[in-house]
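Okay, so here's the structure we're looking at.
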Amino acid sequence: MYYAVTIATLVTMALALLRAVLGPSVYDRVLAVNMLGTKTVLLLSVIAFLYGRPDFLDLALAYALINFIGVLAVLEFFRSRALRRSAERGARQ
Amino acid sequence: MDTLSWVLLTLGGFSVFVGGIGALRMPDLYTRMHAASVTDSLGAILVLVGIMLQAGWSLATIKLIAILLFLLLTSPTSSNALASAALLAGTRPFAETPQEQEKSK
């Protein structure tokens with residue numbers, strides 16, 4: 001049964017990667033990468049029990065922390081870029 | 001207890017899969033975000049609680065609770081940050097509000 005969850009998670013990760021490649025805007029890509037990170041945490045937790053190695057849970061915890069910080073940093077970067085662009089547009093008019 | 005855990009794991013795998021399809025097929029960013037948050041909240045809760053029931057009372061359960069709490073705290077936060085950044089950059093939602101429908105008539 002762990003195999004079913006593992007396969008479902010892997011298929012979802014493939015779908016999220018496809019959305020990240022297709023995604024028309026930057027935000028679609030960020031959303032897909034964020035989703036991929038959450039699915040990685042789930043996959044690591046399932047694999048820890050699939051192979052009977054509970055130390056994988058520590059990796060899952062560390063990955064959850066890194067994923068959150070990474071997504072927030074990327075979003076802050078794009079937000080400041082959008083603000084700068086709209087300020088430039090305002091200065092030109 | 002074992003059966004309940006398998007039921008939770010199956011439902012979790014199903015909702016993760018459905019959310020993945022939704023994130024691929026939905027028409028615009030905000031509806032995709034709605035589909036992705038299904039996998040982030042419902043899928044994560046079901047899968048992690050299902051594994052917890054398998055693990056019993058041990059250190060692994062405490063780590064799983066920590067992972068679950070952290071996911072439940074961070075995924076709404078990053079969804080909110082993503083939506084506000086997209087709205088600030090000028091991405092409009094696909095659906096119209098009733099006022100906008102009146103205006104466009």
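Since every read-out is calculated from the coordinates, none of them should be taken as a lab result. Worth saying up front: this structure is predicted, and the values here are computed from it rather than measured. Note: ideal-geometry Cβ built from the backbone for every residue, glycine included; neighbour counts use all protein chains shown.
In terms of surrounding Cβ atoms within a 10 Å radius of their Cβ, B:T3, B:T61, A:T9, A:T38 rank from fewest to most as B:T3, B:T61, A:T9, A:T38. Neighbours of B:S58, meaning other residues whose beta-carbon lies under 15 angstrom from its beta-carbon, give a summed charge of 0 when Lys and Arg score +1 and Asp and Glu score -1. With the convex hull of the Cα atoms taken as the outline of the protein assembly as shown, the averaged projected area works out to 13.0 nm². With Cα atoms defining each centre, the stretch B:22-65 and the stretch A:19-71 are spaced 11 Å apart in the structure.
In chain A, helical runs assigned H by DSSP with n ≥ 4 each contribute -39500 (n - 2.57); averaged across all residues and rounded to the nearest 500, the mean residue ellipticity at 222 nm is -32000 deg cm²/dmol.
Of the DSSP H helices in chain B, those with a Cα length along their own long axis of 18 Å or more and a mean Kyte-Doolittle hydropathy reaching 0.5 comprise B:2-25, B:59-88. Between the helical axis of A:2-22 and the longest alpha-carbon principal axis of chain A there is an angle of about 20 degrees. Counting every pair of alpha carbons in the stretch B:2-82, the share spaced more than 21 Å apart comes to 34 percent.
Distance between the 7 Å Cα→Cβ label points at B:L4 and B:S58: 1.9 nm. Placing R0 at 41 angstrom, the Cβ-Cβ distance between A:L59 and A:S25 gives a FRET efficiency of 0.85 after rounding to 0.05. For the stretch A:2-92, the dipole from Cβ point charges (+1 on Lys and Arg, -1 on Asp and Glu) about the Cα centre works out to 580 debye, to the nearest 20. The fewest-to-most ranking of A:M1, B:M33, B:M1 by surrounding Cβ atoms within 10 Å reads B:M1, A:M1, B:M33. A Förster distance of 35 Å, applied to the separation of the beta-carbon atoms of B:R92 and A:V11, puts the FRET efficiency at 0.65.
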